[in-house]
Structure formats: C-alpha cells, structure tokens
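Working notes for the structure below.
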Amino acid sequence: MCDKEISKIKKEIEHFKPKTLEELNKFRIKFLGKKSGIITNILKNIHEIPIYKRKIIGKIVNDLKKDIKKKIYENKFNINNNINNVDLTITGNSPNIGSAHPISIIKNRIIHILSQIGFNYINSPEIEDDWHNFTALNIPIWHPSRDMQDTFFLCNNSNFLLRTHTTSIQIRYMKKHKPPSRIFSIGKVYRNETVSSHSNFMFHQMEAFYIDKYVSFSNLKKTINYIILSIFGKSIIRFRPSYFPFTEPSAEVDVYYNNNWMEIMGCGIIDPIVLKNVDIDPEFYSGFAFGLGIERLALMIYKIKDIRTYFDNDIRFLNQFKGEF
C-alpha cells in the first residue's frame, strides 16, 4: 500500500458528503464490506506485507478504519435528523419539529466515546430465552438474584421473555466469536416495576465487555475513568465493592456530580463460569464488563426530575434540547 493510495483514500473520506442512507451504505460497503471492502481486504492480506512494514501499515489502516466509522456515524446521525416530510417552500409559519430526544442524545454520545477507544457496536434482541438472559450468566433457576429482576415471560412459551438486561449480549456474541472481543450494545430492557417518577417498566441500558489475555481490573478502571471524563468533562469517581452473578470481583461506580455522590454503573471482571459456558478457557482469557442506564445518565446531565417526562411526547420538553448532540 503506497502513499498515493493512502492519500487517495483519505481524500475520499474527507470529501464524502452523502445525502441519503443509501449513499452512506454504499460508502460503508466499499471500504468495510466483509467480502470486498477495501480496508477489509488490506487487513486480510496484511500477512503478505514484509514483517518490518506490517506495524506501520497496520496502524495506518486501523486509523483509516476509525476515520471511516466516524464518518459513517456522523453522517448517519445527520441524515436521520434531517429526514422529515415538511415542504419548506410552502408559505406560512415555520414548522415546530422539536429536537433529538435526550435519550437518543446520550446514546449517540456513548456510541461515539466507545467507538473512539476500539469498541464495536452491535445490535441485540429484546426477546431472549432463559439460558441467554439468566442461566449462562451464572443465574440458575434457584438463584435469589432472579428475584431482583421481576420478569415479563411470554405467555405462549415460558422459556422466552422480554430481556431484563442487555448483559445477555455477552453470551450471544461470545458463542460465535473467539477472543479478543471488544463489544458494546445499547437497547431497551423490561422489568415488572411500578411506573413512578424514578422507575418504569421499560428503560435503556448499555452493556460493554472486553475479553483478551491478561485483562485486569486496572484495565477496567482506566476505561471507566476515560468514559466518565468524556461524558462529564471531569473524572471524580469511586468504586464500591458490590455483587453481580456474572462478574467476580464486582463493583458499583459512583460519580461526584453537583456536590453529591451518585451511582452511575455496575462493573467487574467476567466470572470464569460465564466464560466456560461459552467454551472460552478462563485459564488463557479474562475480561471485564460494565453497564449503565441511559435514563439515569440523562436525568443527571439534564437535571430531569421525573423519568415519565421522557415518554410524554411533549414538544415543549424536546425544544429544550435543540443544538444538543
């Protein structure tokens, strides 16, 4: 791969300005497509490059890959936010179209932050079976922690349920992919809770995990420090010992915000039992995982007092977030 080719790719990335999602998808396939993507093929054939050049070329290609993903993310967000059916040529009052929802704003920030440090975003199903949601995560049928997640089971088949957490993505991904893995997912989860100012039967969670050789709690702390710093602009946090069936040791993370300590996420080192359940040898691999609630994060950042406000569809509420990203 010569300097001329690198320069050409950089220029194409820089000047790419799609107007539709279709154009954006063609751009993604051209560079990152699994079969014939330019970047994909370079990485597949990197073993053909002399050893003394591989490290240099590898870094250049990985940087290009990050730039392409960033370009895709930014343009997808802009295109989605510009899609509407309003004919601006019609005379009359300007349409009141509100803004991006605060949950979407926080979700997009997290996607951007984690993508910058090498985590890959994947979608995950909202309907799960018992094994993925509980048993494979070291929560067998008799485990008392099941009582903490009052569950919506599907009436036609009690083995299926509306997932109670996004942690199940660990099992689904690790079954099909061998380490190293650096993955995160964001989506809705469901628990049979009374709707009030601080709780709802449906809310959004982010789950992230990293598995490789020699992954330690120190790696986890550094990652979380970076995320908190990126979200809040400062990093005053503390780790408190806690318990989760799928991590050992486990911790709760508090952030010092508005002169108070506030719980923001749970984390820990992935339990060896979980790794064994997906045929990953814990003697060779270790990993960490962490998760947070999107609604709670938005409550803190925007000082929202009632979680039900998120779902009122009141345009006066949304108008407050114009210009946010």
For segment 3-83, take the convex hull of the Cα atoms, compute a quarter of its surface area, and give me that in nm², please. 5.4
Residue ranges of DSSP H helices in the chain that stretch 15 Å or more (Cα, own long axis) and have mean Kyte-Doolittle hydropathy of at least 0.5 are 102-116, 217-232
Three principal axis extents, largest first, for the C-alpha atoms of the chain, in Å? 68, 61, 48
Can you tell which of 29, 18, 41 lies farthest toward the positive end of the dipole of segment 3-83, using +1 and -1 charges on the Cβ of basic and acidic side chains (Lys, Arg; Asp, Glu)? 41
Using Cβ contacts closer than 10 Å as the measure, can you line up 163, 240 from fewest to most? 240, 163
Ordering of 221-230, 104-113, 171-180 by burial proxy (mean other Cβ atoms within 10 Å per residue, highest first): 104-113, 221-230, 171-180
Can you give the log10 of the normalised intensity I(q)/I(0) at q = 0.24 Å⁻¹, computed with Debye over equal Cα scatterers of segment 270-313? -0.79
Charge dipole (debye, nearest 20) of the chain; +1 at Cβ of Lys and Arg, -1 at Cβ of Asp and Glu: 1540
Quick check on the exposure proxy: order 199, 124 from fewest to most C-beta atoms within 10 angstrom. 199, 124
If you count the DSSP beta bridges with both ends in the chain, what percent of them are antiparallel, to the nearest 5? 95
Which loop-located trypsin sites (Lys or Arg not before Pro) does segment 261-325 contain, where loop means any DSSP state but H, G, I, E or B and the Cβ has at most 16 other Cβ atoms within 10 Å? 303, 305, 322
Expressed in Å to one decimal, the Kirkwood Rh of segment 132-239 from all distinct alpha-carbon pairs is 16.3
Just to confirm the filter: which GluC sites (Glu not before Pro) across segment 234-309 are DSSP coil and have at most 15 other Cβ within 10 angstrom of their Cβ? 283
Using a/c under 1.5 as the rounded threshold, could you call segment 181-282 rounded, prolate or oblate? The axes a ≥ b ≥ c are square roots of the C-alpha gyration tensor eigenvalues, and prolate needs a/b larger than b/c, oblate otherwise. oblate
With unit charges on the beta carbons (Lys and Arg positive, Asp and Glu negative) and the dipole taken about the Cα centre of the chain, which residue among 218, 79, 9 sits farthest to the positive side? 9
Most exposed to least, judged by fewest other Cβ atoms within 10 Å, 261, 142 sort to 142, 261
What is the dipole size for segment 3-83, taken about its Cα centre, with +1 at each Lys and Arg Cβ and -1 at each Asp and Glu Cβ, in debye to the nearest 20? 180
Return the distance in nm (one decimal) between the two label points of a simple spin-label model at residue 313 and residue 135, each offset 7 Å from Cα along Cα→Cβ. 4.0
Would you be so kind as to identify which of 201, 189, 245 lies farthest towards the positive end of the dipole of segment 189-250, taking Lys and Arg as +1 and Asp and Glu as -1 on Cβ and the Cα centre as origin? 245
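Quick note: the coordinates plus some simple rules give every number you see, no bench work behind them. Just so it is clear, the structure is predicted and the values come from calculations on it, not from any experiment. Heads up, the Cβs are rebuilt from the backbone with ideal geometry, glycines too, and the neighbour counts pull from every protein chain shown.
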